[in-house]
Amino acid sequence: MLNAIKAPKKAKTGPVLPALFLLCVAVIFSACTPTPENWQLSGRTMGTTYHITVVDVPRGVEHSQLQTLIDSELQQVNQEMSTYINDSELMRFNRSPVGEAIPVSEPLADIVQMSLDIYRRSEGAFEVTVGPLVNLWGFGPQPEPERIPTDADIARLQQVVGSDALEVTREPDTITRNRPVEIDLSAIAKGHGVDRVAMLLERQGILNYLVEIGGELRTLGMNPKGKAWRIGIEAPDSMGQMVQESIAVSGKAVATSGDYRNYYERDGVRYAHSIDPRTGRPLKHRLASVTVIADTCAEADGLATALNVLGVEAGMALAEREKLAVFMLVKTDKGFEERYSTAFAPYLERSE
């Protein structure tokens, strides 16, 4: 089933879709009837959808009960980290007094601490306080602006952006903001949600699974055919159903970031939704998408965003320096070019 798909290679036309095409989910849903041992579960969360495949479900685990546990876990993640829930833990923190150490839950402290780590490793390319600049350019809750922001507009908001204003302490878990910055975890929360569901499944004794939320995913064990999970990285195709590369990633998490699903044009200039927090402006480089393989989906999610902001050269330099498994699709005058780090090469070789 999964390995019967032969991925078309290196399509040259159409936009690249910055998400992972799930070979396993697409085929299982269309061609298989679930058995008591192999289940598919799905739903909505974080403004997108989730799909989960579990294989060889242990006795005593009930389908409806597992669905309820998953939905409850994802609801808890939202209640901790959403900026769309007014009384979420994160939004309460964003309204807290500046300069005061605010007690927070362990998961929120974990993710903010990871975000600050990626912020430092990427020299500011990953920025969880960039929300005001995203809104300024019309890619947040506010509509597309009537005019392009001025240098003065950008400079004014850059005063309230910067993870250097955040401090995390552990045991007890607190977060302090030393300037009136506000945290938005949308670039890492989906990955964290994937990890939370994966850990929930393992607590139920499920050791063969694929968890996907909005294109970010994590796997463990074997697929329903008893083989390694195979994931397709989408190719430049307007329908989003062609595969650039197919990789075997059992026991790993995968996330992709790209800049061309959300944009607008003014006077012939295209403004992409990805904002470089260091300049306060939309990205202008030729990196179409970047895929990261990591042990956790939260780290893969955050790193994919950071590398997308850094661009091809600086992003690949970071990947090689830290031995990150990274795959890039780069826009050229003739189409799209593949580039990948040394640590990513074995995943391609394993899939041939």
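The values are calculated or read from the model by the stated rules, or taken from the named source; none is laboratory data. All of these numbers come straight from a predicted model, not from anything done at the bench. No Cβ is skipped: glycine too gets one built from the backbone with ideal geometry, and neighbour counts run over all protein chains shown. Note: areas computed on protein heavy atoms with side chains; ligands, DNA, RNA excluded. Shrake-Rupley method; radii C 1.70, N 1.55, O 1.52, S 1.80 Å.
Looking at R121, R59, which is the one that is among the basic types (K, R), open to solvent by 20 Å² or more (accessible area, probe 1.4 Å) and in contact (Cβ under 8 Å) with a residue 24 or more places away in the chain?
Details: R59 fails: in contact (Cβ under 8 Å) with a residue 24 or more places away in the chain.
After ruling out the rest, the residue left standing is R121.
Note on segment 227-246: residues that are more than 18 Å from the chain's Cα centre (by Cα), open to solvent by less than 20 Å² (accessible area, probe 1.4 Å) and at pLDDT 90 or above total 1. Open to solvent by less than 30 Å² (accessible area, probe 1.4 Å) and hydroxyl-bearing (S, T, Y): is that true of S82 in this structure? Judged against the criteria, S82 is a match.
Starting from residues that are basic (K, R) and part of a strand (DSSP E or B), keep the ones in segment 320-343 and report whichever is most open to solvent (accessible area, probe 1.4 Å). Outline the logic, then answer.
First, pick out the residues of segment 320-343 that are basic (K, R): 321, 323, 331, 334, 339.
From what's left, part of a strand (DSSP E or B): 331, 339.
Working: K331: 62, R339: 89 Å².
Across segment 320-343, the extreme among qualifying residues is R339.
Anything in segment 85-118 that is in a loop (DSSP other than H, G, I, E, B) and crowded, with 21+ Cβ neighbours inside 10 Å? List them, or say none. V104 - this is the single residue of segment 85-118 that is in a loop (DSSP other than H, G, I, E, B) and crowded, with 21+ Cβ neighbours inside 10 Å. Being within 20 Å of C297 (Cβ to Cβ) and among the β-branched types (V, I, T) is the filter here, so list the residues in segment 317-352 that pass it. Scanning segment 317-352 gives a single hit, V326. Restricting to segment 247-265, name every residue that is at pLDDT 90 or above, crowded, with 21+ Cβ neighbours inside 10 Å and in a loop (DSSP other than H, G, I, E, B). V249, K252 - these are the residues of segment 247-265 that are at pLDDT 90 or above, crowded, with 21+ Cβ neighbours inside 10 Å and in a loop (DSSP other than H, G, I, E, B). The conditions of being in a helix (DSSP H, G or I) and of a type outside the set (S, T, N, Q) are met by M316.
On the stretch given as segment 124-136, residues that are assigned to a helix (DSSP H, G or I) and open to solvent by less than 20 Å² (accessible area, probe 1.4 Å) total 2. For segment 66-79, the condition of being modelled with pLDDT of 55 or more, of a type in the set (V, I, T) and open to solvent by 70 Å² or more (accessible area, probe 1.4 Å) holds for at least one residue.
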